[in-house]
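Every number in this text was worked out from the coordinates using simple rules, so none of it is lab data. For clarity, every value in this text was computed on a predicted model and none was experimentally measured.
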Amino acid sequence: MKTIYKITVLLLIGLASNAQNKNIIPSNAKTHAEISVKNDGKWDNRKYIGGTYKSVDKLKVAPEHTDHSFDIRYEGPGWESNKIAYRLYLDWRNAIDIFGKKTEAIILPQVGQDGGPSYHEMQDWGSDILNSGKGIGIGSINRYLNNEKMHFREVDSTIAKVENKTNESIVTVNYYGWKTATDKIDFTSKLTITPDQRYTQHTIQASKEIKGICTGIVKQKNTEFLKKESHNKKWAYLATYGKQSLVPDNLGMAIFYETNTVESLEDTELDYLLVFKPTTKINSFYLLGAWEQEKHGIKNKEEFIKYLDEKLAVLNKKSKL
């Protein structure tokens, strides 16, 4: 009996230890979210020197952090399904980028590790496939006011959190004291991805009603702009399709939105923007990428439009995907 008791205790201790280990991902997982930050190094101006990456559940962004500081692995939180992966630049750009996946396995834990291959080069799993540049990427948040797009250059503090549940993975970012023009607000962004889906539900909320909160799709060459808004229906989409990936090959990007939440559609030099009506209420929309090299991927514009129309029909019937 003592032997059995001892084995049971050891098993329970092992299970508890595994549950606390953030790097352990269930073998059957179809979604994953993570944020990985360096420690044991030091700041040299706004670059982080030395140190090793450690995955954490929550991170307050260092005041020194900016683009290409190298303190956060692949520059911000990442989230993925078995279809596609995304990352958010957790700096002034605040753009969402796409990692194209050629596998249905979880890949983010291996991406951007020190000493590993560059995610800008094609790997067995895929690669970074979107060049956001100074654009908005796909489905992220900026502010558009007086024909100017305003980023997140002035923020008192930014806190990011990740959660992995049985049927979804979530990234939540709280921006405190985001200053643009003469306004200063708090802003919450919640990004949720589910198994077997390409789309991410993006839920946002501002602490004050201000004009110009926007999302959108970065413009690329060799693409066609697509838009559909059904009469007397709540939901619509805007999208682009063409050889706009970094490969280059076919990539579709889309945003589904509730028509009554949008004030205007702006065709700017860098982006197609959806400008939301001022509100402090919670607002949700959906962003997605569809890359032709993904397993069972969408190969052409006709397939992409069919896919979008099917999702739009679901939204207009159920108000959620």
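Any chance you could check the Cα centroid distance between the stretch 244-321 and the stretch 110-124 for me, in angstrom?
Distance between centres, Cα-based: 28 Å.
How much length is gained on full extension from Ile49 to Ser157, taking 0.36 nm per residue of separation minus their Cα-Cα distance? All intermediate terms of the calculation are to be shown ahead of the outcome.
On the way: separation 108, 0.36 × 108 = 38.88 nm, distance 2.21 nm.
Gain on extension, Ile49 to Ser157, equals 36.7 nm.
Mind checking the full-extension length gain between Glu266 and Leu246? Use 0.36 nm per residue of separation minus the Cα-Cα distance, one decimal, nm.
Numbers: separation 20, 0.36 × 20 = 7.20 nm, distance 2.49 nm.
Length difference between fully extended and current span is 4.7 nm.
Could you tell me how many cubic angstrom of Cα convex hull volume the stretch 207-255 has per residue?
Details: hull volume 5.6 nm³, N = 49.
In the stretch 207-255, the Cα hull volume divided by residue count equals 114 Å³.
When the chain is treated as a GNM, springs tying every alpha-carbon pair under 10 Å, which of Asp71, Asp91, Asp156 comes out with the largest mean-square fluctuation?
The residue with the greatest mean-square fluctuation here is Asp156.
With 20 Å as the limit, write out which pairs from Lys58/Lys320; Lys234/Lys317; Lys208/Lys318 have Cα-Cα distances beyond it, or answer none. Display every interim value, and only then the final one.
Values: Lys58/Lys320 28 Å; Lys234/Lys317 9 Å; Lys208/Lys318 29 Å.
Result: Lys58/Lys320; Lys208/Lys318 exceed 20 Å.
Specify which labelled value, from (1) 20.2, 68; (2) 19.1, 56; (3) 20.4, 77, agrees with Rg and Dmax of the Cα atoms in Å derived from the coordinates of the model shown.
Among (1) 20.2, 68; (2) 19.1, 56; (3) 20.4, 77, the one derived from this structure is (3).
Between Ser132, Ser140, Ser157, where does the largest GNM mean-square fluctuation fall for the chain, given springs only between Cα atoms within less than 10 Å?
Highest fluctuation of the listed residues: Ser157.
Rank Asn147, Asn131, Asn250 by mean-square fluctuation in a GNM of the chain with C-alpha springs under 10 angstrom and give only the top-ranked residue.
Most flexible of the set in this elastic network: Asn147.
Please give the per residue volume of the convex hull enclosing the alpha carbon atoms of the stretch 103-219, rounded to a whole number of Å³.
Details: hull volume 16.4 nm³, N = 117.
Dividing the Cα hull volume of the stretch 103-219 by its residue count gives 140 Å³.
What are the residues whose amide H is under 5 Å from the amide H of Asn82, where those residues sit 5 or more places off or on another chain and H is modelled from the backbone?
Residues meeting the amide H criterion: Asp196, Gln197.
Normalised by the number of residues in the stretch 31-318, what is the relative contact order in percent for Cα pairs under 8 Å and 6+ residues apart? Kindly include the intermediate steps, with their values, before the conclusion.
Values: 732 pairs, mean separation 45.7, N = 288.
RCO, the stretch 31-318: 16 percent.
Exceeding 32 Å between C-alpha atoms, which entries from my cross-link table qualify? They are Lys42/Lys281; Lys165/Lys211; Lys83/Lys161.
Lys42/Lys281; Lys165/Lys211
Per Stokes-Einstein, at 10 °C and 1.306 mPa s, what whole-number D in µm² s⁻¹ belongs to the stretch 255-295, with the Kirkwood radius over Cα pairs as the hydrodynamic radius?
Working: Rh = 12.3 Å.
The diffusion coefficient I find is 129 µm²/s.
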